[in-house]
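This report refers to the structure that appears directly beneath it.
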Amino acid sequence: MPNALLRFRVPLGFLFAGWYLVIAQPASVSLYSLCAVIVVLGCLLRSWAAGYLLKGKRVAVGGPYAYIRNPLYVGSFIIGAGFCVVLWRQPFSMPSILIALAFFLGFGIVYRAKTLAEENELAVNLGEPYRVYARQVPAFLPTRGHVSGLGEQRFSGEIYRRNKEYECLLGSAALLIYLYWRFYHAS
């Protein structure tokens, strides 16, 4: 089951995005603004994390990785939650409830499986340094604050560019523009 989830997570994500594009329409400027603020915060977390991550080559311990092991996924969750804000309606609409529920359940199930698979792979490929890191740093919630003593790393613009995290920024900006258009111009 987890392997099937991982294999189909991208196509399912595209189906979900298409469904969202049909359903989503901000009900107010304040909801749109709240959505945009939350999405920007998620993008900032992902961008910050991307400047430390040399995938499969070293344990990332700098920046947000000193607080949580999965800042890219946490950032993605924040972005998705932000986009769900525009689904809020009074009275509630069933399509909006279903898409928000699908996001939260789907994200939890798919990314839990993805995280477990990646952590097993990292433990094998990076060995004891990763296992020490994983014992000290929580997976998703920064419950221990900044964990020190794991090594020093600095943000690298080159690593950020190599990880192509700007694509997340561009995609999020495009969706925010679309939502803005839907609010002001769609029927």
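Checking each residue in the range 70-97 for being among the aromatic types (F, W, Y) and at pLDDT 90 or above picks out Y73, F77, F83. With respect to (1) without any contact (Cβ under 8 Å) to a residue 24 or more places away in the chain; (2) within 18 Å of the chain's Cα centre (by Cα), the lone exception for G106 is condition (1).
For the range 38-67, a residue qualifies if it is in a loop (DSSP other than H, G, I, E, B), modelled with pLDDT of 95 or more and among the small types (G, A, S), and exactly one does: G51.
Looking at the range 117-143, which of its residues are of a type outside the set (A, V, I, L, M, F, W, C) and either touching a residue at least 40 places away in the same chain (Cβ under 8 Å) or closer than 25 Å to R7 by Cβ (or both)? Within the range 117-143, E118, E119, N120, E121, N125, P129, Y130, Y133, P138, P142 meet the criteria. Listed conditions (1) assigned to a helix (DSSP H, G or I); (2) within 28 Å of S28 (Cα to Cα) are all met by L87, apart from (1). Looking at the range 98-149, which of its residues are part of a helix (DSSP H, G or I), over 26 Å from G13 (Cα atoms) and either β-branched (V, I, T) or modelled with pLDDT under 90 (or both)? Result: V124, V132.
Taking the range 125-181 as the range and being loosely packed, with under 12 Cβ neighbours inside 10 Å, of a type in the set (D, E, K, R) and farther than 17 Å from L45 by Cβ as the test, the residues that pass are E128, R135, E152, R154, E158. Among the residues making up the range 150-160, those that are outside any loop (DSSP other than H, G, I, E, B) and touching a residue at least 12 places away in the same chain (Cβ under 8 Å) are G157, I159, Y160. The residue that is surrounded by the most Cβ atoms within 10 Å (Cβ to Cβ), among those in the range 29-69 that are farther than 30 Å from S156 by Cβ and without any contact (Cβ under 8 Å) to a residue 24 or more places away in the chain, is S33.
If the condition is being of a type in the set (F, W, Y) and either surrounded by 14 or more Cβ atoms within 10 Å (Cβ to Cβ) or touching a strand residue (DSSP E or B) at 6+ places or on another chain (Cβ under 7 Å) (or both), then the range 85-103 contributes W88, F103. Residues of the range 118-125 include none that is closer than 24 Å to Y166 by Cβ and touching a Gly at 6+ places or on another chain (Cβ under 7 Å). Exactly one residue out of R58, R69 is of a type outside the set (S, T, Y), within 20 Å of F140 (Cα to Cα) and over 18 Å from the mean Cα position of the chain (by Cα), and it is R58. Against the numbered list (1) within 13 Å of the chain's Cα centre (by Cα); (2) under 30 Å from I177 (Cα atoms); (3) surrounded by fewer than 20 Cβ atoms within 10 Å (Cβ to Cβ); (4) among the polar types (S, T, N, Q), T115 comes up short only at (2).
The values are calculated or read from the model by the stated rules, or taken from the named source; none is laboratory data. Small disclaimer: the values here were computed from a predicted structure and weren't measured. Note that each Cβ is placed from the backbone with ideal geometry, even for glycine, and that neighbours are counted across all protein chains shown.
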